[in-house]
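Undergrad: First the structure, which I've put down as structure tokens, then a few questions once you've had a look.
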Amino acid sequence: QVQLVESGGGLVQPGGSLRLSCAASASIFNIATMAWYRQAPGKQRDLVASVTPGGVINYADSVKGRFTISRDNAARTVYLQMNNLQPEDTAVYYCNLALVGLNRWGQGTQVTVSS
């Protein structure tokens with residue numbers, strides 16, 4: 001049973017940066033599509049960014065040019081570098097691992113952007 005452990009959330013001022021990390025407990029990480037989602041209070045969970053095992057990357061329009069997703073297969077970790085954060089980026093951020101027949105979520109990490 002693969003587990004995902006997220007870290008790196010916190011409180012930051014508008015214009016600031018944070019880096020989220022998500023470590024997987026199993027080597028199936030290397031053949032899985034990894035993604036970050038976020039969910040603001042009262043809203044649905046939305047895709048922020050994803051990266052396939054082959055390195056194909058997709059971003060939500062709202063974060064293009066500000067966020068960067070990357071993966072380190074040796075460390076079984078996916079990262080989300082978030083720059084120029086804005087109050088509308090405030091949400092719980094969730095890591096996701098997806099394979100055919102398998103879908104796993106991390107516990108979530110809170111990101112709050114406020115002055």
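The values are calculated or read from the model by the stated rules, or taken from the named source; none is laboratory data. No experiment lies behind these values; they were computed from the predicted model shown. Please note: Cβ atoms are built from the backbone with ideal geometry, for glycine as well, and neighbour counts cover all protein chains shown. Surface accessibility is based on the protein's heavy atoms, side chains included, excluding ligands, DNA and RNA. Shrake-Rupley method; radii C 1.70, N 1.55, O 1.52, S 1.80 Å.
Undergrad: Which longest uninterrupted range of the chain lacks any trypsin sites (Lys or Arg not before Pro) assigned by DSSP to a loop state (not H, G, I, E or B) and surrounded by at most 12 other Cβ atoms within 10 Å?
TA: Details: sites that count: Lys43, Lys64.
Here the longest run is 65-115.
Undergrad: Then there is this: Nearest 20 debye, what's the magnitude of the dipole of the chain about its Cα centre given +1 on Lys and Arg Cβ and -1 on Asp and Glu Cβ? Spell out each step's value before the answer.
TA: Values: 9 positive and 6 negative charges, 23 e Å.
Computed charge dipole of the chain: roughly 120 debye.
Undergrad: Moving to a separate point now. Given a 1.4 Å probe and every protein chain left where it sits, what share in percent of the accessible area of the chain is carbon and sulfur? Before the final figure, lay out each step's value.
TA: Working: 2850 of 5850 Å².
In the chain, the share of accessible area belonging to carbon and sulfur is 49 percent.
Undergrad: Determine the per residue accessible area of the chain with all protein chains present and a 1.4 angstrom probe, expressed in square angstrom. Walk me through the numbers before you get to the answer.
TA: Values: 5850 Å² over 115 residues.
Per residue, the chain has 51 Å² of solvent-accessible surface.
Undergrad: Separate question: Report, to two decimal places, the Cα Rg of region 16-66 normalised by 2.2 N^0.38 Å (N = number of residues). Walk me through the numbers before you get to the answer.
TA: On the way: Rg = 12.6 Å, N = 51, 2.2 N^0.38 = 9.8 Å.
Normalised by 2.2 N^0.38 Å, the Cα Rg of region 16-66 equals 1.29.
Undergrad: Then there's this: Putting +1 on Lys and Arg Cβ atoms and -1 on Asp and Glu Cβ atoms, find which of Ser114, Pro87, Ser7 reaches farthest to the positive end of the dipole of the chain.
TA: Of the listed residues, the answer is Ser7.
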